[in-house]
Amino acid sequence: MDFITGIFVLVLTAITWFLAKIVYEKRNISVVVLSIGLVSTSLLYFKYSSFFLTLVNLKDFVLNAKISLPLGISYITFKYISYLMDIYWEKIGRGKFINFLLYSSFFPIYLAGPIERFENFEPQLREKISFSSSHFEEGYKRFVYGMFKKYMLADGIGILITRNIASNTMSEVPPEFVNLFLFSLQIYFDFAGYSDMAIGASRFFGIKIMENFDNPYLKSNISLFWNSQIHFLFSPIQLFPGRLILPYNSLDRRDLKMVTS
């Protein structure tokens, strides 16, 4: 992370923490929607401003420079959104600024997640974090396992796809089906590999972050398949429409069943 990016993340962190105070005090749907919109503005700017400026032939005139994308801006933004939503749902308080800053700047999960929830991360900061050999051993094994998934399995399957090796050796099966099957495996091993490396690296620091996948391709039905993967993305937003309208504590089990059905 360069100096400019570091300053940007620090400023965005301070703004989000300030917005969290307003969300916590107001408990108003308009406030939380506006806060999420403000936090998302940075992501939209860095991700899509070049495209829109180029589209209208204003990029060179307005900026005369390439817009650099801060490292991990997508994951940082989604973490902040989940943080604001959890505060609105009364699941958490906004916590101390130093803890929120550590949560925001925890670099092992910057590039590929998982998007850790503040409610899971902050309690670990309030406890004494120990750097034990067992943590290092656990993290090392998980990190190597993730590297194997990414560089041996995902990248190996990618070579089979790009060179049409599998399609040529299975002439009785349409190549589209073969490549579709291999591509689904490549995506899984690539994403799961990065997640394992992030989880392993986190253990080096005595931090335990949430699991991202639970063997989705081994599930017996589509519901279990869906619920066993990409926890970091869907856990903050799976009840977003219903729970954005109603505070968390006002939803009983009957309400949750209606929202999720």
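Since every read-out is calculated from the coordinates, none of them should be taken as a lab result. Because the structure is a prediction, the values reported are computed rather than measured. All Cβ positions, even for glycine, are placed from backbone atoms using ideal geometry, and neighbour counts span all protein chains on display.
The ranking of TYR45, TYR188, TYR24 by Cβ neighbour count inside 10 Å, starting from the fewest, reads TYR45, TYR24, TYR188.
Among the listed pairs LYS128/LYS208; LYS96/LYS128; LYS79/LYS150, those with a Cα-Cα distance over 21 Å are LYS79/LYS150. Highest mean packing first, where packing is the average number of other Cβ atoms within 10 Å per residue, the peptides 99-110, 132-143 line up as 99-110, 132-143.
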